[in-house]
Amino acid sequence: MIEIIDLAYVRVGAANLEESALFATETIGLQEVRREDNRIYVRGDERDHDICYVQGGVDKHVVAFEVADDKALESGIKDLESAGVSVQRGSDEEKKDRRVLDFFRFSDPTGNNFEIVIRPQKSARRYFPTRDAGINEFSHVGLKTTNAPRDENFWTTNFNIRPNDWIGDAGLLSFDSVHHRIALFPADKPGIQHINFQVDSIDDIMRSYYYLSEKQVHIVFGPGRHVTSGAMFLYYEGPDGMIYEFSHGVRIIDDPNYRPRQFPFTPEAFCAWGAKPDIPEFRD
Ligand SMILES: [Fe+2]
């Protein structure tokens with residue numbers, strides 16, 4: 001069993017790095033950290049970086065999780081290999097690029113790419129945003145899955161991950177008390193489905209709603225409130241069709257007797273206020 005303790009970063013393939021970096025800073029409100037070769041790093045919290053944009057397409061998408069130490073890393077490699085999962089260690093150059101002490105990579109049954117890292121660096125300076133979007137944390141990712149029950153089983157068997165609710169087949173999964181850290185959405189191919197940042201208040205969500213609308217950013221869902229996690233949300237589309245989400249008020253599950261709930265795959269189950277998603281993976 002691999003014990004994940006945190007989300008570390010995502011790597012996102014970008015057709016046009018400049019365009020993605022400009023959207024990240026001026027539209028989302030992230031801070032550009034550095035540029036190296038064909039990579040641009042941005043952040044919205046205390047991490048060294050939350051997103052690393054790399055030149056390329058969806059096959060470059062990666063989600064990284066942190067484990068506690070080298071013992072957890074080594075036993076994670078053994079556990080996955082004995083479960084028949086192909087694992088590859090990161091090179092020194094790749095570790096340097098990611099600002100981690102060590103890592104290995106693997107893919108889930110759908111073909112999504114993951115990295116398990118130890119000791120990802122924190123920034124030595126506080127997050128200084130490009131615009132005041134109220135971002136306080138990179139909090140979860142939505143993933144595409146070609147078979148949600150199969151992939152959910154992959155996560156719950158090999159990792160300290162459990163479902164906290166389902167919308168249809170879409171599992172809202174977590175490794176800690178936050179309602180969801182990974183959400184698996186049925187689709188016909190792999191890829192990151194959305195990237196979530198928490199913001200300080202509903203005022204930040206509504207301020208961004210008007211700000212993004214004025215900039216003619218495609219709002220794809222919201223403002224609304226998730227029935228499952230209770231979080232208020234706003235989803236919008238960036239370059240390469242990548243969906244970003246701001247949310248506030250995600251449920252913290254501290255009841256040891258909490259049981260996951262099954263909801264129907266309907267717009268009503270996605271939004272308590274009645275917003276309708278313009279997101280293919282959120283619709284039948
Ligand atoms: Fe989300």
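Just a few scattered comments:
- Accessible area (Å², per residue) of the range 6-118, counting only protein heavy atoms and a probe of 1.4 Å: 39 Å²
- Comparing Gly168, Gly29, Gly222 in a Gaussian network model of the chain (Cα springs below 10 Å), the most mobile by mean-square fluctuation is Gly168.
- A Förster radius of 45 Å, combined with the Cβ-Cβ distance separating Ser107 from Trp273, puts the computed FRET efficiency at roughly 0.75.
- Only helical runs count toward this figure. For the chain, summing -39,500 (n - 2.57) over DSSP H runs of n ≥ 4 and dividing by all residues gives -5500 deg cm²/dmol at 222 nm.
- Average 1/r across all pairs of distinct alpha carbons in the chain, invert it, and you get the Kirkwood radius: 19.0 Å.
- Fraction in percent of alpha-carbon pairs per bin - 10 Å, the range 6-118: 14, 44, 31, 10, 1
- Taking a ≥ b ≥ c as the square roots of the Cα gyration tensor eigenvalues, the range 135-282 comes out prolate, since a/c reaches at least 1.5 and a/b is larger than b/c.
- Charge tally for Val217 (other residues, Cβ to Cβ under 15 Å; Lys, Arg +1; Asp, Glu -1): -4.
- Net dipole in debye of the range 89-191 [+1 Lys, Arg Cβ; -1 Asp, Glu Cβ; about Cα centre; nearest 20]: 460 debye
- Surface composition of the range 6-118: carbon and sulfur make up 45 percent of the accessible area, probe 1.4 Å.
- Relative contact order of the range 135-282, defined on C-alpha pairs under 8 angstrom at six or more residues apart (%): 26 percent
The values are calculated or read from the model by the stated rules, or taken from the named source; none is laboratory data. Given the structure is predicted, the values throughout are model-derived calculations rather than measurements. Don't worry about glycine lacking a Cβ; one is built from the backbone with ideal geometry, like all the others, and counts go over all protein chains shown. Please note that ligands, DNA and RNA were not included when accessible areas were found on the heavy atoms of the full protein model with its side chains. Shrake-Rupley method; radii C 1.70, N 1.55, O 1.52, S 1.80 Å.
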